Amino acid sequence: MLEQLMIENFALIESMELLLQPGMTVFTGETGAGKSILLDAIAFLLGARGNTTSIRNGKESMSVTGYFSFREDSSLSRILSQYELIDEDSDQVSIWRELNLKGKGQIRINGKPVSLSILRECSDSLIEINGQHGYQQLFNPKNHLMFLDQTGDAEHRDLLRRYKDQYRIWRDTSKELQQLRLGERESLQMMELWQYQAKEIQAAALHPDEEERLLSERKRLTHIQKNKASLERVYSLLEEDRPGSYGVLSALRIALREIETVLQSDSELSETSAQLESCFYTLEEISTDVVKYKDRLEEDPHALESVEERLSQISQLKRKYGNRIRDILAYYDIIHQKISSAENNDQAITALEAKLKSEEKKLAEIGLRLSHSRKQLAGKLSQAVMKECADLEMPKCRFEIVFSGHAEEVTTKWSADGLERCEFFISTNIGEPAKPLLKIASGGELSRIMLALRSVMLQGDIPIVIFDEIDTGISGETVQRVAEKLATLSQHYQLLLVTHQPIVAAMGDHHVFIRKIESEERTYTLLKVLQQQEIEAELTRLIAGNHAADAAFALAKNLLTNAEQWKRILHNSSRIPT
């Protein structure tokens, strides 16, 4: 539901804020007052092409803002969720659109910038504008099959659900088979390369930590001569005595003998003696280890050469298959799996082809049943629409639903919507062939056909419907029937209606008067929500013009009384269980 509309600098509207209510809101006013401007502003808000000539003279930009409430299970809610536009702190959605004199525009939904295509996707599920210059979702052939299905009973809707579920299964199986076939072609092209790569990596017999070990070994082999010389010096310092000096071990032996002499007469240093003895044996063990390791160090040019060759081999594999040995081994696992899958690909394709054929058969069976059900629905809908059109002073109207496709044959050109498409055709005159709805010339006829269709299909997901002068070109009893049908529709939709007919205006739940004033050499369009007495005065003006008579005033009050009685009947009938 449109709850609030704000317009700034749009044509003759300088600044306007309008609060709207559920039910039917009628807009009246003198010719040229700006009723079309209001609808143009709403159309602009919802994605219609903006024109800089609509910007109020002397202003830099124009903007329109709308605040809408919506059901959580509506298509609009799904679209907002898809684009992450839901405001978790509000049960409303705000849409703001601006256009400046340079032709640059901005669009925001719940404060987030969006593209024009996203705005239009949202608006298609929000408002339907019907008029000579409006755009009608119901008149788009892409939607006709959906509208036809909406008229079906629970059995038909269950059949449609089963078809869509089966279509998803078939589609997923088809995609899986397509990917498998693409993989097969890739496998045939790549098999020789994969086998060569796998053989090369397997022959290398790599180990995950091998490179680190080889680098350490290369470093050790490179420094053997230097390390051997250092160890000889260590051994010399520990063991060798020189004139005038002793090696470390010889000096410790002497120190031990001297401290043992002291201990014979003084036990105070017994712990110190033990520590010194421990140091001696530790160093003696170190000396033994050093000389043994030194003696094992032998320069082996072949060993270093072998390590270098292995590191070079690993480096080449890294350039081809990964930055580390672990990456190379992981790549080997991948191509090994590809080789294995390619070798078994024929069997997998054969099995999937059989599954696809089975799913196609199921889809065709359900699709043919759905097509048969749709043909029955089409006949009922055609009769119902023609009956509604007859009530709207179009007794010669012929409404047809034309199907295209090959529902009688199994086809691989499946659609998520079924085996066929359909389009609504209509002829309003005897002897004239039926034509698509969009080719109907008369705007008045379009609006009444729209009203007839909407009266038959009350299950539509669009919550707001706008009619622009739907009562143009009709009179007498037909106007009363149009008014009653609009009141019925307002039980299911929020209706915004521009009218010149007092009978239709009287049926409104709310009434907005649009007028044009001139002040300080500028023209302004103003809106006013009318109260009861003001509504009576406006209906009187619609009946008799500016020369209202008592009879016109009495007729206006009578129209309002009759309208209230009709709405009470609607209200009570809607409460009776069906």
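The values are calculated or read from the model by the stated rules, or taken from the named source; none is laboratory data. Predicted, not measured: the structure shown is a model, and the values here were computed from it. We place every Cβ from the backbone using ideal geometry, glycine too, and count neighbours over all the protein chains shown. Quick note on the areas: whole protein, heavy atoms, side chains included, nothing else; ligands and nucleic acids left out. Shrake-Rupley method; radii C 1.70, N 1.55, O 1.52, S 1.80 Å.
Quick notes
- T488 meets all of the listed conditions (1) under 39 Å from the mean Cα position of the chain (by Cα); (2) part of a helix (DSSP H, G or I); (3) within 20 Å of N546 (Cβ to Cβ) but one, namely (3).
- Which listed residue is of a type outside the set (G, A, S), within 30 Å of M507 (Cα to Cα), open to solvent by 30 Å² or more (accessible area, probe 1.4 Å) and at pLDDT 90 or above, from E17, E98, E30, E60: E17
- Yes/no for K380 being at pLDDT below 95, closer than 13 Å to T151 by Cβ and either surrounded by fewer than 19 Cβ atoms within 10 Å (Cβ to Cβ) or more than 32 Å from the chain's Cα centre (by Cα) (or both): yes
- Which numbered condition G508 misses (of (1) within 46 Å of the chain's Cα centre (by Cα); (2) without any contact (Cβ under 8 Å) to a residue 12 or more places away in the chain): (2)
- P502 falls short on exactly one of the conditions (1) modelled with pLDDT under 90; (2) under 28 Å from Q4 (Cα atoms), and that condition is (1).
- All positions within region 507-555 that are of a type in the set (S, T, Y) and either open to solvent by less than 40 Å² (accessible area, probe 1.4 Å) or in contact with a strand residue (DSSP E or B) (Cβ under 9 Å, 6 or more places away or on another chain) (or both): T523, Y524, T525, T540
- Filtered residues of region 135-156 (kept if free of Cβ contacts under 8 Å to residues at least 12 places away in the same chain and in contact with a helix residue (DSSP H, G or I) (Cβ under 7 Å, 6 or more places away or on another chain)): N143
- Criterion violated by L99 - all others in (1) part of a loop (DSSP other than H, G, I, E, B); (2) touching a helix residue (DSSP H, G or I) at 6+ places or on another chain (Cβ under 9 Å) satisfied: (1)
- Which numbered condition H547 fails, given (1) in a helix (DSSP H, G or I); (2) free of Cβ contacts under 8 Å to residues at least 60 places away in the same chain: (1)
- Pair list, Cβ < 9 Å and 6+ apart or interchain, from region 567-578 residues that are under 16 Å from L486 (Cβ atoms) and of a type in the set (D, E, K, R) to residues that are modelled with pLDDT of 80 or more and in a helix (DSSP H, G or I): K567/A487
- Residue match in region 227-237 (condition: closer than 30 Å to I335 by Cβ, without any contact (Cβ under 8 Å) to a residue 60 or more places away in the chain and either small (G, A, S) or open to solvent by 50 Å² or more (accessible area, probe 1.4 Å) (or both)): no
- Under the condition of being part of a helix (DSSP H, G or I) and open to solvent by less than 80 Å² (accessible area, probe 1.4 Å), the residues counted in region 278-325 number 27.
- A364 being free of Cβ contacts under 8 Å to residues at least 12 places away in the same chain and either closer than 20 Å to R161 by Cα or surrounded by 14 or more Cβ atoms within 10 Å (Cβ to Cβ) (or both): no
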